[in-house]
1. Taking only region B:17-67 into account, find how many residues are within 9 Å of the chain's Cα centre (by Cα), more than 9 Å from every other protein chain (Cβ to nearest Cβ) and not aromatic (Phe, Trp, Tyr).
2. Please state which of the following conditions residue B:3 fails to meet, knowing it meets all the rest: (1) buried (at least 19 other Cβ atoms within 10 Å of the Cβ); (2) outside any helix (DSSP H, G or I); (3) not β-branched (Val, Ile, Thr).
3. Among the candidates A:235, A:251, single out the residue that is modelled with pLDDT of 95 or more, surrounded by fewer than 22 Cβ atoms within 10 Å (Cβ to Cβ), polar (S, T, N, Q) and more than 20 Å from residue B:67 (Cα to Cα).
4. Suppose we filter A:92, A:102 for residues that are buried (at least 16 other Cβ atoms within 10 Å of the Cβ), within 30 Å of residue A:5 (Cα to Cα), without any contact (Cβ under 8 Å) to a residue 24 or more places away in the chain and out of contact with any His (no Cβ under 7 Å at 6 or more places or on another chain); which single one remains?
5. How many of the residues making up region A:45-71 are under 17 Å from residue B:35 (Cβ atoms) and not in a loop (DSSP other than H, G, I, E, B)?
6. Condition first: crowded, with 16+ Cβ neighbours inside 10 Å, assigned to a strand (DSSP E or B) and in contact (Cβ under 8 Å) with a residue 40 or more places away in the chain. Now tell me which residues in region B:24-64 satisfy that.
7. Given the criteria touching a Lys or Arg at 6+ places or on another chain (Cβ under 6 Å), in contact (Cβ under 8 Å) with a residue 60 or more places away in the chain and either among the aromatic types (Phe, Trp, Tyr) or surrounded by 20 or more Cβ atoms within 10 Å (Cβ to Cβ) (or both), does residue A:80 qualify?
8. Mind listing whichever residues of region A:72-83 are within 12 Å of another protein chain (Cβ to nearest Cβ) and either farther than 17 Å from residue B:66 by Cβ or in a strand (DSSP E or B) (or both)?
Amino acid sequence: MKKNILKVAGKSLKSRLIVGTGKYKSFFETAKAIKASGAEMVTVAVRRVNILDKKKPILTDYLNPKKIIFLPNTAGCFNSEDALRTLRLAREMGGWKLVKLEVLGDKKTLYPNMIETIKSTKILVKEGFKVMVYCTDDPLLAKKLEDNGASAIMPLASPIGSGLGLQNKINISLIIKQSKVPVIVDAGIGTASDATIAMELGCDGVLINSAIANAKKPILMAQAFKDAVISGRNSYLAGRMQKNYFATPSSPIKGLI
Amino acid sequence: MAKIQLNGKKISIKSKFSIQDLLKKYKLEKKKIAIEYNGSIIPKINYNKKYLKNNDKVEIVHFIGGG
């Protein structure tokens, strides 16, 4: 996982930025922001077709799943049963087995219900799904997901849509150190520098939705995230200098007049 | 005539009406949707073989924007 290709669930991605497709003003804006972000994988939700309005534009008119990888999610599911139902429908719809599982536990914080999440992961893996799993930043539970066959561990930086950034760098670092599957920070990233910090810690990727869609200029912010993720990754690979308590001059003392 | 529930709404359909006919009625492309029929997923190849009857529950879903 040290090279500049993100290998996740059998896919090789040049971009370590995965973006969500929710909350944009229009599908046109969604498509433009995704293009600017350079992302090769996007999350999508599964919902009822609006049967009353046949002319309403749909996401797939603007994004082609043959050109960009669709990662169907289970957003809005609060138990294993609903999450499994959603992902089985997604598999039938697209014909692929790569999915993002998220089972929520609380309406106010949208915090993951890890008991239901682990239960669902086990079943999905058994059914042949490749499951990228949204989870808490608890290293023990992250390990449990990996042991149960998760294709990627996706701990939250802070609550979904909060924009609070990385709240527990230590835990995220512990998860990165112990994981053999990719670790992708999901949820809570507020601005481009947050993504850089996550990547500098050694994350394999980040998943961003609200921070781009809710920016004043989403397309410019998408570009900022693209650069931020590349910078963070390069900085991680370069290895930061050691921190010192006192100053050390940058110019040589020898030859001082 | 039969009455079914489609995406939570009651609708009337003609007799001998298949899932394929339902998609045609609502101008939906087969490759962009998935269907749950009385709680079970129906494979796309069976859409023209599955005929709807009174009180059936059909859910048609598709991908929308989401994070």
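The values are calculated or read from the model by the stated rules, or taken from the named source; none is laboratory data. Just so it is clear, the model here is predicted, and its values are computed rather than measured. Cβ sites come from the backbone with ideal geometry, for glycine too, and all protein chains shown count toward neighbours.
1. Of the residues in that region, 9 qualify.
2. Among (1) buried (at least 19 other Cβ atoms within 10 Å of the Cβ); (2) outside any helix (DSSP H, G or I); (3) not β-branched (Val, Ile, Thr), the lone unmet condition for residue B:3 is (1).
3. A:235
4. From the options A:92, A:102, the qualifying one is A:92.
5. So the answer is 4.
6. Residues satisfying the conditions are B:58, B:59, B:60.
7. So residue A:80 does not fit the description; no.
8. Within region A:72-83, A:72, A:81 meet the criteria.
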